[in-house]
Amino acid sequence: MHLRAFLLTALRSATSGERRYHLWMGSLTAIMIVGGYAYWYQVQHGLAVTGMNDHVSWGLYISNFAFLVGVAAAAVILVQPAYVLKDVDFGRAVLIAEGVAVSALVMCLAFVMANSPGTPQKWWRLTPVIGLLNWPSSMLAWDVIMLNGYLVLNIVIPFYILYMHFTGREPERKKYVPFIYISVVWAVSIHLVTAFLFAGLPARPLWNSALLGPRFLASAFTAGPAFMILLLGFIKSQTTYPVSDKAIAKLATATAVTSQINLVMLISEIFYKFYAPTHHSINARYLFFGIEEHHALVPWIWTGLALNVIATFALMIHPLRRNLRFLMIACIMLFVGIWIEKGIGLVIPGFIPSPLGEIVEYTPTWVELCLTAGIWALGLFVLTVLVRVALPIELGDARSPYIEGAARAPLVRPRSSVARPRDVRPVRTR
Amino acid sequence: MSDFNDDMNDSDDGTMLQKRVDRRRALGILLGGMAAGTQAVSACSPLSAATDEKRELKHLEWQEFIQKHYRRMNESERAETIARLERLAKLRHGEDVTIATTDAQPGVVFGYAFNISKCKGYRSCVEACINENNLDRNADTQYIRIFEMPDGVVDLDHADPTYDHEVPAAGHFYLGTQCFQCANPPCVPVCPVGATWQEPDGIVVIDYNWCVGCRMCMSACPYWARRFNWSAPEVPLEQVNTNQHYLGNRARKKGVVEKCTFCIHRTRAGRLPACAEACPTGARVFGNLLDPDSEIRWVLANKKIFRLKEDLGTEPRFWYFSD
């Protein structure tokens, strides 16, 4: 009964809104339709319609995948303090972070599907027993497990909390906190595993670095919170949802620290590749300076680098970081800068030159651009729906109609009132 | 895998081979019969032949889709699979192909040596490979790459693999690459579905029906030996090599990875790979590394040899030497 009411309320929250909201969702849907057409086209004709080839065998899709796994993992930066350290300021923001994680994971899975079109139906082969999951030797098999597990964790935990609030109860800590601990470790692991997927390939010297895992984490914990700040800032300005200034300030401080760590690692990598260049520096040379007439990625990586450096310095200056407008601009710069650095600036140059020294450059085609845009629209669509459903429940506007009259009510009320003093105080009051 | 069928090892045994073909035919008829039987009603109409074939194709494609991993098939499942694939080749492309499942022969590990002082860059091997292995003519897929290098340097970065002039060019030498069938292949463990593995005779193979097309193996290969079917491969009917092997040169589909298998359909039947046979200069030496009297063993024992990227520990079974 409660569940049905929950789903109906969720549907109502997601489908009703002011004109602006419908316009937003309508535009996202339109982009998704274009992306859907690109996907269909790709399935029909094969990946020959993309810019990828035997030399550059991964392109825009895997670039976005690597970046978005990081965004998903970064939810931990809110989850950990909110649930484990019982940080009051993050209490309200954490469900939003989990929403970001879910939508980023949806995008990740969509990008993997885009990378091997026509294969979703082949995915049963990844299932143990009926298929053959090459675990533990394949890092990709690890990644399949990690991504899906993280997706489940990030759906189940917020659902439980929202559902309890919806039915007028307080979530029981002993029921969900163990899963929080798992998800904290899991978040770090998904991104390490994704980094190891690349770092474990001696064939590709650009990726085959012990620093790649830590770099992935640092850049993820920069881009993720940057996006969260943008989203929380938007929610704060547009709704009555009480996002505390402190939460944003704390996130901004965290981002300021992680972006510096990210820069330190990037500088180490650049030093290592260029101070005493060996044959293994050749991909980095192509990326940063180009080789002969081939320099497609040079403007990109320098733009990314400039965005990262400027934004990092801006965040280090207290008055700038505390000014919401400057903070927002810095976050946009970081998000874009890391997207370039980690996607276009890492995945693609790994293939150029090829292991046998041949240089074939990569330019995405309209199919890849449309499908990529479509998948981003899908992610934003999912995120909007999740936020839209969660906010009224958390604000207390959406409650199950069965709470008062239902036969179970007496059972429920005492339990929640008993639970309240112990459970709620750390998160809610104070 | 322990469930390999030892009796299939004997490719020299004519009667055994004959028997297997007969069983496959029988299964083919049986499968065809089943497909036809399900539509006895439509069989009465004049259009039935075409419709029957369509239905049969649909049925076989479904069977192909749910097909097991090659290494998990028992003998009868293998035979059934082969019959299905042969029938599908007929229905899809009008080809009458024979697909072998010959296993690795005991006491055989294949090795290859390439004489860089003999190769003149004619690319006859490339040509032979394309024809022998039914490589996609549309995308111009090639397993073999011949690098032209100035004398005195062995540096692939300064090599030209796309040379288009009269050969041999003065002051240059030629070095060919293909899949080296590494003893420690980095492409194998990375596959998320175990669709690629090393056979007991050292050949690294792919089950094209199991590959999901993620291209992880392509990223892992330090020798750029693997190729992807970016679109549906095309081979003109009259040029199709109908002598095929399940793990080798049979028809591939779009979206799967393929690679050189040392011509598994030939070498397991005691013949040379097409590239070695086609080479007009005698630069290619192929043989059984476990046979002390083989030419390859003589080369390894008596010539100064080197391999590419030894530092990666891949242990290629492909050596270079000079006179």
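Values quoted throughout were computed directly from the atomic coordinates according to the rules given, and no laboratory measurement underlies them. Everything quoted here is computed from the prediction, not taken from an experiment. Cβ: placed from backbone, ideal geometry, glycine included. Neighbour counts: every protein chain shown.
Separation of region B:132-176 and region A:6-78 by C-alpha centroid, Å?
Value for the Cα centre distance between the two parts: 42 Å.
Please work out how much length the chain gains when fully extended from A:PHE289 to A:ASN208, using 0.36 nm per residue of separation minus the C-alpha to C-alpha distance, in nm with one decimal.
Details: separation 81, 0.36 × 81 = 29.16 nm, distance 2.02 nm.
Full-extension gain reported as 27.1 nm.
Obtain the nm distance between the two label points defined at B:SER76 and B:ARG92 by a simple spin-label model: each point lies 7 Å from its Cα along the Cα-to-C-beta direction.
Inter-label distance under the simple model: 2.7 nm.
First measure r as the distance between the Cβ atoms of B:GLN63 and B:ASP140, then evaluate 1/(1 + (r/R0)^6) with R0 = 35 Å and state the FRET efficiency to the nearest 0.05.
Working: r = 32 Å, r/R0 = 0.93.
Working from the Cβ atoms, E equals 0.60.
Using a 10 Å cut-off around each Cβ, can you sort A:HIS294, B:HIS172 from fewest to most neighbouring Cβ atoms? Provide the component values of the computation, followed by the final result.
Values: A:HIS294 14, B:HIS172 17.
Exposure proxy ranking, most exposed first: A:HIS294, B:HIS172.
Taking 7 Å along the Cα-to-C-beta vector as the label spot, tell me the A:THR15-A:LEU3 distance in nanometres, rounded to one decimal.
Placing both labels 7 Å along Cα→Cβ, they lie 2.1 nm apart.
Collect residues whose amide H, placed 1.01 Å from N in the peptide plane, falls under 5 Å from the amide H of B:PHE173; neighbours closer than 5 in sequence don't count.
B:MET149, B:ASP151
Would you mind calculating the relative contact order of chain B from Cα pairs under 8 angstrom and at least 6 residues apart, reporting the percent as a whole number?
On the way: 553 pairs, mean separation 73.5, N = 323.
Computed over chain B, the figure is 23 percent.
If you count, for every residue in A:132-145, the Cβ atoms of partner chains within 10 Å of its Cβ, what is the mean? Spell out each step's value before the answer.
Values: counts 11, 3, 11, 2, 1, 6, 11, 5, 7, 7, 1, 2, 2, 0.
That works out to 5 on average.
Under 8 Å for C-alpha pairs, at least 6 residues apart: give me the relative contact order for chain A, rounded to a whole percent. Numbers along the way, then the final one.
Values: 578 pairs, mean separation 130.2, N = 430.
Relative contact order comes out at 30 percent.
Could you list A:PHE326, B:PHE110, A:PHE381 so that the one with the fewest beta carbons within 10 Å of its beta carbon is first and the one with the most is last? Numbers along the way, then the final one.
On the way: A:PHE326 16, B:PHE110 25, A:PHE381 20.
In order of increasing Cβ crowding within 10 Å: A:PHE326, A:PHE381, B:PHE110.
How far apart, in nanometres, would the label points at A:ASN148 and A:MET316 be if each is projected 7 angstrom from Cα along the Cα-to-Cβ direction?
4.5
Under 1.5 on a/c is rounded, so check that first for region B:105-323, then, if it is not, pick prolate when a/b is larger than b/c and oblate when it is not; a ≥ b ≥ c are the square roots of the alpha carbon gyration tensor eigenvalues. If you can, show how the numbers build up before the last one.
Numbers: a/c = 1.43, a/b = 1.24, b/c = 1.16.
It is rounded, given that a/c, with a ≥ b ≥ c, falls under 1.5.
Only bridges with both residues in chain B count here: give the DSSP antiparallel percent, nearest 5. Let's see the in-between values first.
Working: 20 of 27 bridges.
Taking every DSSP beta bridge within chain B, about 75 percent pair in antiparallel fashion.
Which is the longest stretch in chain A that no exposed loop site breaks, taking sites as GluC sites (Glu not before Pro) with a DSSP loop state and at most 14 other Cβ atoms within 10 Å? Each step should come with its number before you reach the end.
Details: sites that count: A:GLU18, A:GLU172, A:GLU292, A:GLU293, A:GLU404.
So the longest stretch without any such site is A:19-171.
Long-range amide H contacts for A:ASN53: which residues qualify at under 5 Å (H placed 1.01 Å from N, peptide plane, sequence gap of 5 or more or a different chain)?
Answer set, sorted by chain and number: none.
Can you tell me, using C-alpha contacts under 8 Å and at least 6 residues apart, the relative contact order of region A:203-364 as a whole percent?
Values: 181 pairs, mean separation 49.8, N = 162.
Here the relative contact order equals 31 percent.
Please work out, to two decimal places, the log10 of the ratio I(q)/I(0) at q = 0.12 Å⁻¹ from a Debye calculation in which every Cα of region A:50-128 carries one identical scatterer.
-0.49
Only helical DSSP H runs with n ≥ 4 go in: add -39500 (n - 2.57) per run for the protein assembly as shown, normalise by residue count and round the 222 nm mean residue ellipticity to 500 deg cm²/dmol. Intermediate results must be reported in sequence, preceding the final value.
Details: 23 runs with 378 residues, N = 753.
So the calculated ellipticity at 222 nm is -16500 deg cm²/dmol.
Apply the Karplus parameterisation 6.51 cos²θ - 1.76 cosθ + 1.60, with θ equal to phi minus 60°, to every residue of region A:50-63 and state each ³J(HN,Hα) to the nearest whole Hz, in sequence, with x for glycine and proline.
9, x, 6, 7, 4, 7, 9, 8, 10, x, 4, 5, 6, 4
Could you list A:LEU60, A:LEU68, A:LEU140 so that the one with the fewest beta carbons within 10 Å of its beta carbon is first and the one with the most is last? Walk me through the numbers before you get to the answer.
Details: A:LEU60 26, A:LEU68 29, A:LEU140 21.
Fewest-to-most Cβ neighbours within 10 Å comes out as A:LEU140, A:LEU60, A:LEU68.
Per residue of region A:393-402, what does 6.51 cos²θ - 1.76 cosθ + 1.60 with θ = phi - 60° give for ³J(HN,Hα)? Whole Hz please, x for Gly and Pro, Karplus curve as stated.
5, 5, 7, x, 6, 9, 9, 4, x, 8
Build a GNM of chain B with springs between Cα atoms under 10 Å: which of B:PRO292, B:PRO161, B:PRO273 gets the top mean-square fluctuation?
For chain B, modelled as a Gaussian network with Cα springs under 10 Å, the answer is B:PRO292.
If you take every DSSP beta bridge whose two residues both sit in the protein assembly as shown, what share of them, in percent to the nearest 5, is antiparallel?
75
What are the ³J(HN,Hα) values, in whole Hz, obtained from phi via the Karplus relation 6.51 cos²θ - 1.76 cosθ + 1.60 with θ = phi - 60°, for each residue of region B:185-198 in sequence order, with x given for Gly and Pro?
Calculated HN-Hα couplings, in order: x, x, 6, 6, x, 6, 5, x, 10, x, 7, 10, 7, 9 Hz.
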